[in-house]
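Beneath this line is the structure, given in structure tokens, with notes to follow.
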Amino acid sequence: MKTVITELLGIEYPVIQGGMAWVGTAELAAAVSEAGGLGIIGAGGAPASWGEEQIHKVKEKTDKPFGVNLMLLNPEADAIAELLVKEEVKVVTTGAGNPEKYMEEWKKAGVRVIPVVASTALAKRMEKAGADAVIAEGTESGGHIGETTFVPQVVDAVNIPVIAAGGIADGRGMAAAFMLGAKAIQMGTIFVASKESIVSEAYKNKVIKAKDIDTKVTGRTTGHPVRCLRNQQTREYLKLEQAGASFEELEKLTLGGLRKAVVDGDVIHGSVMAGQIAGLVKDSRSCKEIIEGICREMKDVVLSQAENIGR
Ligand code: TUI
């Protein structure tokens, strides 16, 4: 499947893996890239040394292009930004902030830069700063989220390709994103539940069992909204938040929460980050099955709807 994004990144399918902290390990990133998508190492809040190790591991597992996601709140963001250049990583996606200060250096080194944006204003700013594409991540997403559903607005706002993210896990969602003007999709939640994902079985099962209304957004009052599957932690957090608890008090409840859920399998007290589409994820498939399946399904959906409309 050729689009401007597959050409830009040298990949076979216009499918990018979300840059998920703790989940986006070398295992998952290499599996997505081997399957013809763009695998992403999610550096999250990890030290640069962890990122370096994961980059080396992916290079051992695949010759295909892969990327790294730089979460801009990471205290070692500067070191990771440099690491990408040193390791000649082909693509960087960024999240949770504005990556402008790194862009000149990345562009000079030939790194493709694809920031996640949470507004059309930031999308325009990223285009001006030299971004190769932007990811319009809607509020349906898991983890740290923006508050809008705005793919066509971003498509209208910029002249660079737009990648749609949030609420996509099957061919219908992919077709819809393309109809809105996106040139590729980014998915996270469905890859969390994939065979190659290293998350705990408890985490995978919670995603697979989730229903449409099972996600909750915590942290709206602190300015850091985060979407997770509901559990004891989200219940306690939202109760405290409603009672006007301080930022410090709320932070205490979620500190290290994602690791707890992903690594330790504690899906009661941990942060089980997932998007609203979790309700549609019913089983654990390989990354190859997911990527080939969704692209095949998308073509079927588009053709059958075109037939319906023509009738
Ligand atoms: O970054 C994400 N999702 C994440 S990061 C993460 S780790 C974390 N854990 C707990 C609390 C906070 C972070 C878990 N999930 N997605 C990309 C994303 N970027 N979503 C929203 C944004 C965003 C928000 C504001 C991007 C830019 C932005 O602009 C700020 C500015 O300076 O204009």
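At a Förster distance of 41 Å, what's the computed FRET efficiency of Lys2 paired with Glu201, Cβ-Cβ distance as r, to 0.05?
Working: r = 38 Å, r/R0 = 0.91.
The computed FRET efficiency comes out at 0.65.
How far is the Cα center of the stretch 276-306 from the Cα center of the stretch 1-63, in Å?
If you average the Cα positions of each part, the centres end up 20 Å apart.
Give the relative contact order (percent, whole number) for the chain; include only Cα pairs under 8 Å separated by 6+ residues. Mind showing how you got there, number by number?
Working: 677 pairs, mean separation 51.7, N = 311.
This gives 17 percent for the chain.
Tell me, what is a quarter of the convex hull surface for the C-alpha atoms of the stretch 159-311, in nm² with one decimal?
On the way: hull surface 44.4 nm².
That works out to 11.1 nm².
Just to be sure I understand: with springs between alpha-carbon atoms less than 10 Å apart, which residue in Thr94, Thr62, Thr149 has the highest mean-square fluctuation in the Gaussian network model of the chain?
The residue that fluctuates most here is Thr62.
Using a Gaussian network model of the chain whose springs link C-alpha atoms within less than 10 Å, name the residue from Glu34, Glu76, Glu251 with the highest mean-square fluctuation.
Fluctuation is largest for Glu251.
Could you tell me the calculated FRET efficiency between Lys128 and Gln305, based on Cβ-Cβ distance and R0 = 45 angstrom, to the nearest 0.05?
Details: r = 36 Å, r/R0 = 0.81.
Here the calculated transfer efficiency is 0.80.
Of the DSSP beta bridges with both residues in the stretch 144-229, give the percent that are antiparallel, rounding to the nearest 5. Don't jump to the answer; show the numbers that get you there.
Working: 5 of 8 bridges.
Restricted to the stretch 144-229, the bridges split so that about 60 percent are antiparallel.
Identify the residues of the stretch 135-150 with backbone N under 18 Å of a label point that sits 7 angstrom from the Cα of Arg230 along the Cα-to-Cβ direction, or state none.
Counting only backbone N, you get 140-143.
Binned at 10 Å from 0, what are the whole-percent values of the Cα-Cα distance distribution for the stretch 52-203, short to long?
In order of increasing distance, the bins hold 11, 37, 38, 14, 0 percent.
Based solely on C-alpha atoms, express the radius of gyration and the Dmax of the stretch 172-218 in angstrom.
When restricted to the Cα atoms of the stretch 172-218, Rg and Dmax are 13.5, 37 Å.
So if I take the centroid of the Cα atoms in the stretch 232-259 and the same for the stretch 203-223, what is the distance between those two points in Å?
14
Mind checking the per residue accessible area of the chain for me, 1.4 Å probe, whole number of Å²? Working shown, then result.
Values: 14010 Å² over 311 residues.
Each residue of the chain exposes 45 Å² on average to a 1.4 Å probe.
Using a 1.4 angstrom probe on heavy atoms only, work out the carbon and sulfur share of the accessible area of the stretch 1-74 in %.
On the way: 1360 of 2600 Å².
About 52 percent, which is the carbon plus sulfur part of the accessible surface.
Could you tell me which helices of the chain pass both thresholds, a Cα extent of 24 Å or more along their own axis and a mean Kyte-Doolittle hydropathy of at least 0.0, with helices taken as whole DSSP H runs? Before the final figure, lay out the partial values.
Values: long enough: 287-310 (34 Å, 0.02).
Helices meeting the span and hydropathy rule in the chain are 287-310.
Take the Cα radius of gyration of the stretch 1-88 and divide it by 2.2 N^0.38 Å, with N its residue count; two decimals is plenty.
Values: Rg = 12.4 Å, N = 88, 2.2 N^0.38 = 12.1 Å.
Against the empirical 2.2 N^0.38 Å value, I get 1.03 for the stretch 1-88.
Give me the percent of DSSP beta bridges within the chain that run antiparallel, rounded to the nearest 5.
Details: 7 of 33 bridges.
That works out to approximately 20 percent antiparallel.
Kirkwood hydrodynamic radius for the stretch 61-133: how many Å is it when counted over pairs of different Cα atoms?
Details: mean 1/r = 0.0808 Å⁻¹.
Taking every pair of different Cα atoms in the stretch 61-133, averaging 1/r and inverting gives 12.4 Å.
Using only the C-alpha atoms of the stretch 233-311, find the volume of their convex hull and express it per residue in Å³.
On the way: hull volume 12.2 nm³, N = 79.
Per-residue hull volume (Cα only) is 154 Å³.
Say we join alpha carbon atoms closer than 10 Å with springs in a Gaussian network model of the chain; which of Val85, Val117, Val192 then has the biggest fluctuation?
Val85
Across the Cα atoms of the chain, what radius of gyration and what greatest pairwise Cα-Cα distance (Dmax) are found, in Å?
18.4, 60
The values are calculated or read from the model by the stated rules, or taken from the named source; none is laboratory data. Fair warning: this is a prediction, and the values are worked out from it, not measured in the lab. Heads up, the Cβs are rebuilt from the backbone with ideal geometry, glycines too, and the neighbour counts pull from every protein chain shown. Note: accessible area is taken over every heavy atom of the protein model, side chains too, but ligands, DNA and RNA are not part of it. Shrake-Rupley method; radii C 1.70, N 1.55, O 1.52, S 1.80 Å.
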